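Everything below concerns the one structure shown next.
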Amino acid sequence: MSPRPEHKAPATELYSTKGAAKYAASTRINAVQKTLAERCLQLLALPEAQPSLLLDIGTGTGLSGDVLTAAGHHWVGTDISQPMLDTALENDVDGDLVLADAGEGVAFRMATFDGAVSVSAIQWLCNADRSDHNPHKRLNAFFSTLYAALTRGARAALQFYPENVAQIELLVASAMRAGFSGGLLVDYPNSTKAKKYYLCLTAGPPQKGAVQPKPLGVDSNASVPVGNRTTQTTSRRNASQQLSRKDQVISKKDRRRRQGHLVRPDSKYTGRKRRVQF
Amino acid sequence: MRLLTHNMLHCPRTKAYPLQLVASTCDDVQVPFSEAFIRRMLPRIQWEVFREAAAQFPDEDMLAKLPESTPQPDTLDEPTLKAIHRALLEWHVVDGTLKAENGSEYAVKNGIPNLVITEVRKESGGADDANSGDAAMDVDDKGQ
């Protein structure tokens, strides 16, 4: 299993100029982040056709912000990494960007935002990157200031990648202590890859009549979105089974030729079995 | 940084409000006008702070169009709403500083305010982070 990014280096180091460029250039990451941001926006359950002011925590290169802009909302994005925000500026995002550490609290005054989203960011708060970092304190600072910065009844949909059950419990407990209602939502709980965790929180007591969001993919017949990868490998295997021994050898020789290796010319004996010798 | 964002920010260290804005470079970016959004934002805006920050911008005519005191939603006409929209969302502070009452200063660079309290360590930051590290260190020195 590949090491988690949180274990490699602090966010400010990992997403340095090089890291930010690598992140922005990866189409797979872009696609995943976009889907997650769309799901977060859906979980906020904002009233239809009402432009709102939203907060995006860990906005990075502004991928999630683009989703918010497309839905007609204004947003402010915060991130700890300057190079990531610089990349966002280059991408010409429509929201305002602020360099801030979420673990030091959200630096916005009371009842400012109609909602908050976050894609793959808050698990970083569970890590102590420096000797003076205390995850409990940082999480409490984050959730209590986030609670204050949201209007009453506003929602926060925070997608994250927990490392273990203890982290989930820590995050949920911190959020509840800050006064949020709501809790954890798991999409595609039976899948290893498509499984995604969201903290779906409401600032203030739970409202009567409010519909609780439903996780995706809990019905047995619901289909898990499958990437192209599995289908590709199976089709390739089928194709190679259909090819005859001779065709396989010829295609392999062609490939080697294209790679610039010295390959014997094809003849009528190519791909034939040798006769049995005693 | 837009004036809307400035209006919402407080000092991350002390929660002091407002942060005094000193803008050295400004920019103007067109944003589609939405009356519904401006009307929605009006009750959340601290009008005094907004007027003071808007005075930093060179456009005097536009400043004259902004109401003196907190406007009542019913009395607003479209030109006033458009003026508010322009000042709130289209004017950007590119470079400048945000000053809190207790003397803390937060730099605004390239339109991004730096509100990180503890400085980014310079030796581990390497060349790319040296600039942001410097800014954060300045802030910290003045804050103490």
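The values are calculated or read from the model by the stated rules, or taken from the named source; none is laboratory data. Values in this document were obtained by computation on a predicted structure and should not be read as measured data. Cβ: placed from backbone, ideal geometry, glycine included. Neighbour counts: every protein chain shown. In case anyone asks, the SASA skips ligands and DNA or RNA and just uses the protein heavy atoms, side chains included. Shrake-Rupley method; radii C 1.70, N 1.55, O 1.52, S 1.80 Å.
Structure above, values below:
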item: Per residue, in Å², the accessible surface of chain A once ligands and nucleic acids are set aside, probe 1.4 Å; result: 56 Å²
item: Two-site label geometry, A:T69 and A:R264: point separation in nm, points 7 Å out along Cα→Cβ; result: 6.1 nm
item: Inter-label distance, nm, simple model (7 Å from Cα along the C-beta direction), B:V29/B:T118; result: 3.1 nm
item: Charged-residue dipole, Cβ positions (Lys, Arg, Asp, Glu), the protein assembly as shown about Cα centre, Debye nearest 20; result: 4460 debye
item: Label-point separation in nm, B:A36 to B:T80, each point 7 Å along Cα→Cβ; result: 2.3 nm
item: Value in Å of the Kirkwood radius, where the protein assembly as shown supplies the Cα pairs that are averaged; result: 24.1 Å
item: 16 Å reach of a label modelled at A:H7, 7 Å along Cα-to-Cβ, counting backbone N of region A:154-189; result: A:161-167
item: B versus A: buried accessible surface, summed, Å² (probe 1.4 Å, to nearest 100); result: 3000 Å²
item: Carbon and sulfur %, accessible surface of chain A computed with the full protein complex present, 1.4 Å; result: 53 percent
item: Listed residues A:R258, A:R109, A:R39, most fluctuating in chain A (Gaussian network, C-alpha, under 10 Å); result: A:R258
item: Cα-based shape type of region A:5-228, given that a ≥ b ≥ c are square roots of the gyration tensor eigenvalues and the cut on a/c is 1.5; result: rounded
item: Extreme residue, positive dipole direction of the protein assembly as shown, given options A:A194, A:V249, A:G105 (C-beta unit charges); result: A:V249
item: Stretchable slack from A:K193 to A:A45, in nm (0.36 nm times residue separation minus alpha-carbon distance); result: 50.7 nm
item: Span from the region B:95-115 Cα centroid across to the region B:36-82 one, whole angstrom; result: 23 Å
item: Reduction of at least 10 Å² in accessible surface, 1.4 Å probe, comparing all protein chains with the chain by itself, residues of region B:39-74; result: B:R40, B:M41, B:R44, B:Q46
item: Stretch gain in nm, segment A:Y161-A:I29, where the contour uses 0.36 nm per residue and the Cα spacing is subtracted; result: 46.1 nm
item: Calculated [θ] (222 nm, deg cm²/dmol) that DSSP helices of n ≥ 4 give over the protein assembly as shown, each run adding -39,500 (n - 2.57); result: -11500 deg cm²/dmol
item: At least 20 Å² accessible surface lost relative to isolated chain, residues of region A:57-95 (1.4 Å probe); result: A:H74, A:Q82, A:L89, A:D94
